[in-house]
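Novice: So that we are looking at the same thing, I have put the structure below in structure tokens.
The values are calculated or read from the model by the stated rules, or taken from the named source; none is laboratory data. Model, not experiment: these values are computed from the prediction. Please note: Cβ atoms are built from the backbone with ideal geometry, for glycine as well, and neighbour counts cover all protein chains shown.
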Amino acid sequence: MASNRMKLIWTLVLIIGGLQSGRSLAQFSISGTVVDPASAPVDSVEIRLFTDNGFPIGIPPTYTSSTGNYSLAGLPSGAYLVQFRPRTVDKLVAVELPVNVSGSSTVRNANLVSGFLLHGYVRDKYGLGIPSIDLQVWDRDTGDLMLTPGDDTNALGYYDVVVPLGEYDLEWRAVSAGSLPYISVVDRVFIDMDTQIDVVMLVGWAVSGTVWDSLGNPLFQINLDFIDLATGNKIDTPGDNTAVDGTFTVSVPEGEFEMVAKPQAATRLLTGFKPMVVVTGDTVGVDFHLQPGHLLTGTVTGEGTPAVSVELNVIDAVTGQDVVLAFDKTNDSGQYEVVVPDGQIHVFFVPPGGSSLASKLVPWVSVPADLILNANLVNGVILNGTVTAAGNPVPATDLDLKDPITRLSFPLRGDHTDQAGYFETIAAPGVYILEVEPPKTTGLVAQRDMNFVLNTNTNLNIALEPGARVTGTVSASSGGVLADVGLDVLRTLDGFEIFTPGSRTNTLGQYEAIVPPDNYTFFFKLGDSHAVPDSLELTNVEITGDTVVDAVFNFGVSAVDDQLPPVSDLGLIAYPNPFNPKTTVSFEQKSTGRARVTIHRLDGSLVIVLADGEFPAGVQNVVWQGHDAQGQRVASGVYLAAVATAQGWQTTKVALVK
């Protein structure tokens, strides 16, 4: 009964199809033989029939016999596509062939070629197989979507397809109705043997927002990047460009991410950056306001020839913060084009891994307008050696080479010791500050050489000494802890400074330093996140073993302009106040000297450094555009403008009203 019903449906399909297309209703057949590369017949090959424009014709399944023969009967004249789908166990490549039926039955044979098995499991984060995940295989040479029967996962999450020798772009995607919103996974592979690729797919949450320029105009085709803070890896986010109205919706897994909005350089807009976007469900209102900047362009050569894939790292010379760049690598001609902020910057040119070229620093680049900055990289010299303690290797030790003027670290490859304590890196000949920092868990004292000369290939074997672990909490007399407090440790006998990397206090006010047993003076210095430049000195600190040394500053840490006694009257005002969109911070410099102008929240945390440098005597005006250090517009509310000079410091409240 069911068979008769299927035949009736099939007859109606053919009649209707014939009437609609004008084809003859005469009944013909397509038949033939399917063979393998050795011309042997292939049985159990599934035959599927389609119209010439790719629509399936719903005939019952047809398979080749043991002699490789098949036959599709009862077809009207017309153009068809016939798919030959062998079993994956035969490792033969499926093929689709055109067939034209014109007034008579037609023979269409198929010669199948051998391929390789591509298979694996698709699982969720708990290790359970995910059914009904579709695998798409795109040929990198032709751009064609391959015919890959069996590319949907089964109930256990298993898939298997056969493809010929070649390079492919792969995409696993959830397409079935009612499926969880799994994030597509993409990969690029070269297949020259049977290959197993297992995939973990994560449920995605929608992150949405809008990207505008500084005038509020929506921005089209801005690319969004998500960097997983847990791994440092960029995650794949298909469809992550803004629409015409500046909006975007991107599917990402649960987690914490850096988020980057990347305009093309031609827009002359700075890259947008959010240091942390927490995703625990669908997240809305993740907006960017991209600020104008200047084009920095140029050509990078290596010993006179174009240097390809050289990365630019840019640091704001005033704030010391990294400037986030988009599309920041040189092309095949060694040319680059990025957008940087107005002011002074330090520029690093970093060659790719495997290159013999060394990184180059161009410091104190003034950018008042669009600028061309070319660079020629030189072949570096090799710095290698071992780091040991008591004759044993010290793995995971970090070596830094710093510029002695700017104190900036050169980006280095291979600058961490391996399990044998060995390191090998490349740098340009020159004079550096060399810093050797073992993991704090080793209890070893770090080393620093302020005048390290590197002119030729150099082998350097470094022996580290055990030290005492000094820990403690830095707080204010009001009882609050102080984060971002630096520590300098000076030996009492001769004033020699002990190198204590990573000793700045954390958000709980806690610090940790490793020093040799001796007598010291400890200097605790408030960092950039505090409105007031101040320090606390503890003398005659005897360290004979692991020791706790706490420090207390004699002031409070909330509402800092009220808690801290005024040190100097600098005539500090801000106008207009309240303001929108910008205000001018004005103060009087009694004599030529350094001044630092900062904006803080009421809890004292830093929003942005507006200026830090030499000012002449007289009234000074510094503009705040209402942005934070990442160029993002801050929320409405009350903030603190702070000025610190050689004469003292002063703060005043400013209110941003939207």
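Novice: Given the conditions (1) in contact with a Gly (Cβ under 9 Å, 6 or more places away or on another chain); (2) not in a strand (DSSP E or B), and given that Ser591 satisfies all but one, which numbered condition is not satisfied?
Specialist: It fails just one condition, (1).
Novice: Restricting the search to region 15-52, which residues are assigned to a loop (DSSP other than H, G, I, E, B) and either among the acidic types (Asp, Glu) or at pLDDT below 90 (or both)?
Specialist: We begin by selecting, within region 15-52, every residue assigned to a loop (DSSP other than H, G, I, E, B); these are 22-27, 36-40, 42-45, 52.
Matches in region 15-52: Gly22, Arg23, Ser24, Leu25, Ala26, Gln27, Asp36, Asp43, Asp52.
Novice: Which condition breaks for Asp322 when tested against (1) in contact (Cβ under 8 Å) with a residue 12 or more places away in the chain; (2) under 30 Å from Glu614 (Cα atoms)?
Specialist: (1)
Novice: Are any of the residues in region 111-127 without any contact (Cβ under 8 Å) to a residue 60 or more places away in the chain, at positive phi and not aromatic (Phe, Trp, Tyr)?
Specialist: yes
Novice: Any idea which of Ile382, Ile372 is in contact with a Gly (Cβ under 7 Å, 6 or more places away or on another chain) and of a type in the set (A, V, I, L, M, F, W, C)?
Specialist: Residue meeting the stated conditions: Ile372.
Novice: Among the numbered conditions (1) in contact (Cβ under 8 Å) with a residue 12 or more places away in the chain; (2) farther than 28 Å from Asp628 by Cα; (3) over 19 Å from the mean Cα position of the chain (by Cα); (4) not assigned by TED's automatic domain parsing to the domain that holds Leu454, tell me where Gly385 comes up short.
Specialist: Looking at each condition in turn, Gly385 falls short on (4).
Novice: Something else: Would it be correct to say that Asp141 is under 26 Å from Asp36 (Cα atoms) and touching a residue at least 12 places away in the same chain (Cβ under 8 Å)?
Specialist: It is true that Asp141 is under 26 Å from Asp36 (Cα atoms) and touching a residue at least 12 places away in the same chain (Cβ under 8 Å).
Novice: Mind listing whichever residues of region 106-152 are farther than 25 Å from Leu81 by Cβ, aliphatic (A, V, I, L, M) and in contact with a Lys or Arg (Cβ under 9 Å, 6 or more places away or on another chain)?
Specialist: If the condition is that a residue be farther than 25 Å from Leu81 by Cβ, aliphatic (A, V, I, L, M) and in contact with a Lys or Arg (Cβ under 9 Å, 6 or more places away or on another chain), then Leu117, Ile130, Ile133 are the ones that fit.
Novice: Can I ask one more? Kindly provide the set of residues from region 637-652 that are over 37 Å from the mean Cα position of the chain (by Cα), under 13 Å from His600 (Cβ atoms) and not polar (S, T, N, Q), ordered by number.
Specialist: Within region 637-652, Trp649 is the sole residue that qualifies.
Novice: If you go through region 399-444 one residue at a time, how many are surrounded by 16 or more Cβ atoms within 10 Å (Cβ to Cβ), hydroxyl-bearing (Ser, Thr, Tyr) and either in contact with a Pro (Cβ under 6 Å, 6 or more places away or on another chain) or not assigned by TED's automatic domain parsing to the domain that holds Thr388 (or both)?
Specialist: 1
Novice: Let me ask something additional. Under 6 Å between Cβ atoms, at least 6 apart or on separate chains: pull out the pairs that start in region 486-504 with a residue that is without any contact (Cβ under 8 Å) to a residue 40 or more places away in the chain and crowded, with 17+ Cβ neighbours inside 10 Å and end on any residue that is part of a loop (DSSP other than H, G, I, E, B) and β-branched (Val, Ile, Thr).
Specialist: Val489/Thr500
Novice: Would a scan of region 175-195 turn up a residue that is without any contact (Cβ under 8 Å) to a residue 12 or more places away in the chain and within 23 Å of Arg633 (Cα to Cα)?
Specialist: no
Novice: Taking into account only those residues within region 559-572 that are surrounded by 16 or more Cβ atoms within 10 Å (Cβ to Cβ) and modelled with pLDDT of 80 or more, which is nearest to Val622 (Cα to Cα)?
Specialist: That would be Leu572.
Novice: With a cut-off of at least 2 residues that are aliphatic (A, V, I, L, M) and under 14 Å from Leu269 (Cα atoms), name the strands (runs of 3 or more DSSP E) lying wholly within region 287-357.
Specialist: By residue number, 294-302, 335-340.
Novice: I need a count of the residues in region 409-443 that are on the phi > 0 side of the Ramachandran plot and free of Cβ contacts under 8 Å to residues at least 60 places away in the same chain. Spell out the reasoning first.
Specialist: Applying the first criterion (on the phi > 0 side of the Ramachandran plot) to region 409-443 yields 414, 421, 430, 443.
With free of Cβ contacts under 8 Å to residues at least 60 places away in the same chain added as a condition, the list becomes 414, 421, 430.
Within region 409-443, residues that are on the phi > 0 side of the Ramachandran plot and free of Cβ contacts under 8 Å to residues at least 60 places away in the same chain number 3.
Novice: Being surrounded by fewer than 18 Cβ atoms within 10 Å (Cβ to Cβ), modelled with pLDDT under 90 and under 30 Å from Ala446 (Cα atoms): is that true of Lys525 here?
Specialist: Considered against the rule, which asks whether it is surrounded by fewer than 18 Cβ atoms within 10 Å (Cβ to Cβ), modelled with pLDDT under 90 and under 30 Å from Ala446 (Cα atoms), Lys525 comes out as yes.
Novice: List the pairs whose first member sits in region 70-97 and is among the β-branched types (Val, Ile, Thr), whose second member is part of a loop (DSSP other than H, G, I, E, B), and whose Cβ atoms are under 7 Å apart, counting only residues at least 6 apart or on separate chains?
Specialist: Val82/Arg108; Thr88/Gly150; Val93/Leu112; Val93/Val113; Val93/Gly115; Val93/Pro164; Val95/Leu112; Val95/Leu147
Novice: Which numbered condition in (1) β-branched (Val, Ile, Thr); (2) touching a Gly at 6+ places or on another chain (Cβ under 8 Å); (3) at pLDDT 95 or above is the only one that Val318 fails?
Specialist: Unmet condition: (3).
Novice: Which ranges mark the strands (runs of 3 or more DSSP E) fully within region 161-272 that have 3 or more residues being more than 21 Å from the chain's Cα centre (by Cα) and in the same structural domain as Gly127 (by TED's automatic domain parsing)?
Specialist: 166-174, 185-191
Novice: Identify, please: which residue in region 174-204 is closer than 15 Å to Asp152 by Cα and in contact with a Phe, Trp or Tyr (Cβ under 6 Å, 6 or more places away or on another chain) and is, among those, surrounded by the most Cβ atoms within 10 Å (Cβ to Cβ)?
Specialist: Ranking the candidates gives Met201 first.
Novice: Going through Gly613, Gly631 one at a time, which residue ends up being surrounded by 19 or more Cβ atoms within 10 Å (Cβ to Cβ) and either in a loop (DSSP other than H, G, I, E, B) or modelled with pLDDT under 85 (or both)?
Specialist: After applying the criteria, what remains is Gly631.
Novice: Please enumerate the residues belonging to region 63-114 that are hydrophobic (A, V, I, L, M, F, W, C), within 15 Å of Gly150 (Cα to Cα) and outside any strand (DSSP E or B). It would help to see each step written out before you state the result.
Specialist: Of the residues in region 63-114, the ones hydrophobic (A, V, I, L, M, F, W, C) are 72-73, 75, 79, 81-82, 84, 89, 92-95, 97, 99, 101, 107, 110, 112-113.
From what's left, within 15 Å of Gly150 (Cα to Cα): 84, 89, 92-95.
Val89, Val93, Ala94, listed by residue number.
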